[in-house]
1. Read through the list (1) over 19 Å from the mean Cα position of the chain (by Cα); (2) at pLDDT 90 or above; (3) among the charged types (D, E, K, R), then give the number of the only condition that residue A:260 fails.
2. In this structure, is residue A:212 under 24 Å from residue A:125 (Cβ atoms), modelled with pLDDT of 95 or more and in a helix (DSSP H, G or I)?
3. Out of curiosity, is residue A:156 crowded, with 24+ Cβ neighbours inside 10 Å, outside any loop (DSSP other than H, G, I, E, B) and in contact (Cβ under 8 Å) with a residue 40 or more places away in the chain?
4. Return only the number of the condition from (1) under 45 Å from the mean Cα position of the chain (by Cα); (2) farther than 30 Å from residue B:137 by Cα that residue B:202 does not satisfy.
5. Considering only segment B:61-81, how many residues are in a loop (DSSP other than H, G, I, E, B) and loosely packed, with under 12 Cβ neighbours inside 10 Å?
6. Scan segment B:168-195 residue by residue and report those that are of a type in the set (Ser, Thr, Tyr) and surrounded by 10 or more Cβ atoms within 10 Å (Cβ to Cβ).
7. Within the bounds of segment A:114-132, is there any residue that is closer than 18 Å to residue B:330 by Cα, open to solvent by less than 50 Å² (accessible area, probe 1.4 Å) and in contact with a Phe, Trp or Tyr (Cβ under 8 Å, 6 or more places away or on another chain)?
8. Only one of A:136, A:98, A:123, A:107 is more than 10 Å from chain B (Cβ to nearest Cβ), over 28 Å from residue A:174 (Cα atoms) and not hydroxyl-bearing (Ser, Thr, Tyr); which?
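The values are calculated or read from the model by the stated rules, or taken from the named source; none is laboratory data. Predicted model only: the values in this text are computed from it and were never measured. Methodologically, a virtual Cβ is constructed for each residue, glycine included, from the backbone with ideal geometry; neighbour enumeration extends over all protein chains shown. Accessible surface is based on the protein model in full, side chains and every heavy atom, while ligands, DNA and RNA are left aside. Shrake-Rupley method; radii C 1.70, N 1.55, O 1.52, S 1.80 Å.
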Amino acid sequence: MRRAPAALALALLLLSGCASHPAPPQDDAMEVAISAGRQAMDNHQPAQAIPRFEDANRRALLRDDAPALADIGYDLAAARLADNHPDAALSELARTRAALSLRGHPAPPALDLVAAAALDRLARLPEARIAATRAATSPDPAIAARALFLSGLIADHAGDRTGVIDASTRLDHLAPAKALPRWRQADRLELAARAALASGHPDTALATIRQAIDLRRDDTDYPALRRGLRLAAAAAGALGQTSMAAAYEAQATQSLDAAK
Amino acid sequence: MTPERPPELQAERARDTVAAEAIAGHRSGRLTRRRYTDEWVGLLVLAAIGVFAAAAIEAGILHNWLQPPGRLHILLPQTGVGGLSPGADVEVFGIHAGTVRHVRLNPDGETWAEAEIDPQAEPFIRRDSAATIKLRYAVAGAAYVSLSRGKGEPMDWHYAVVKATTDPNPVDMITATIADIRTHVLPILDNAQAMTASLKAVAADLQQGRGSAGKLLTDDTLIRQAEATVTKLQDTIAKLQPQIGSVLDHANRTMSNVQSASRDLKAATPQLPAITRNARDATAELPALLLQAQATTHDLQGLITQLRGLWLLGGGGTPKPADHRISPAQVAP
């Protein structure tokens, strides 16, 4: 029993000795707002995330913090896009670019990623393709990978088979598959399935997209899951399995109804 | 050779000469004065004329002579000129201000009169002046033009125009009023006549016992039935009397409950301000509490980040800077 206090004191000494370096100075209110916004986005509540990111944006303007403005502008635009307001997302991006230009700070390619997604939703495909190409130059591999995935998706929407296959090939060569998070694996599989369908291999496309659907489910990305189900329906239709195609379509519709 | 004269004659002659010279001198002075009399009279006349001219200028007579009267064109109403004729007076707020010189008809069918206006009255006649043709004694007499005093923009006297209206003749108004009354009263009299006839017929029917009212007057069956009904009603009320008592008891009990509730409420009312104050204080504390909660959460996050960085817990040692960007996976097409 006498040894217990001594052991505790030793442990505390070790812990204090092993204390990490202090974190860089930051605005607590801004950090809290960003954290709350991110948590709302993780819980698929973009409408709740928007006011938090707006608070954070005000704090960033208050402290004249250009890098924070770039990051929060990206977050806010992504939240507005997730809230199904692509026009508002584009306006937010324009505001962010103007604020960065005022401060002589370059606009990060991440802004182009959100712009590409918003323009794709607005069916402004040529502009979306340009934005996705710019976003693919990002030094952040996650941004670049998502930009390539968007490029392939935009090419598919435009009926450009070569573009889909090219984007899929480039995405495959970006990084080894094993080390990737689920969403990136799912992106690769979905784009590969689209490329297979575009190349006239619906059976391969169906098998690949099924894997992607499972990953989307695990990742709780249900809009992407519905997109995968519709692709599976298209692949089954191309195989002549009309009942299977109808079943996939019905599953996608039920998922959409449940989301409302 | 001149004969020598005696000295007496020479002396007399010398006296005569002196006297003659004196008379001649006196005559010549009188003649000089007579010669300038006409000039003096002329000068006096000229001075008088000058004084008259100065007085006339001072009195403004010349000014009035030199300034011609203003010409005012009065557009007369299409319904008639109201007896206006050349020579009629023009008045501005009751003061004579000019005379109508001509009444003419232009090719467009409009009648207009031209009046000469006294220059003194011109400042009072403006663009908003209203011209009315009136009769001197309301219903009779000579027609004249009455101009109201204007307060708007000054009139352009190069071509001054006002539009005239005719003052309604009181006789015409009285005639029209009588005609109107007649139009309204005659139907009323007709209706009264018809109503009287109807009343007469109703009274005759009543007397003869026709209709329900007639039967009431002539037949007493209905009265007897009414009496029987009243008797039954009295019986019914007598039967209901005990039940009414019970209902009243219930109502009394309910009222006493309500009174009790009111008393409780009254007793609780003094505590309301305190409750409100407490609620207000608690609400005022909420923002600070939220802020504290946010700060605590943030501190907790920082602590977790630091703990993750400890090598004892498998961390790398140095905490990563906070990532502000959400995952690109959430940028959904």
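1. Every listed condition holds for residue A:260 apart from (2).
2. Yes.
3. Considered against the rule, which asks whether it is crowded, with 24+ Cβ neighbours inside 10 Å, outside any loop (DSSP other than H, G, I, E, B) and in contact (Cβ under 8 Å) with a residue 40 or more places away in the chain, residue A:156 comes out as no.
4. Result: residue B:202 passes all but (1).
5. Residues that pass the stated criteria total 4.
6. Residues satisfying the conditions are B:175, B:177.
7. Checked against the condition, which is being closer than 18 Å to residue B:330 by Cα, open to solvent by less than 50 Å² (accessible area, probe 1.4 Å) and in contact with a Phe, Trp or Tyr (Cβ under 8 Å, 6 or more places away or on another chain), segment A:114-132 yields at least one hit.
8. None of the others qualify; the one that does is A:98.
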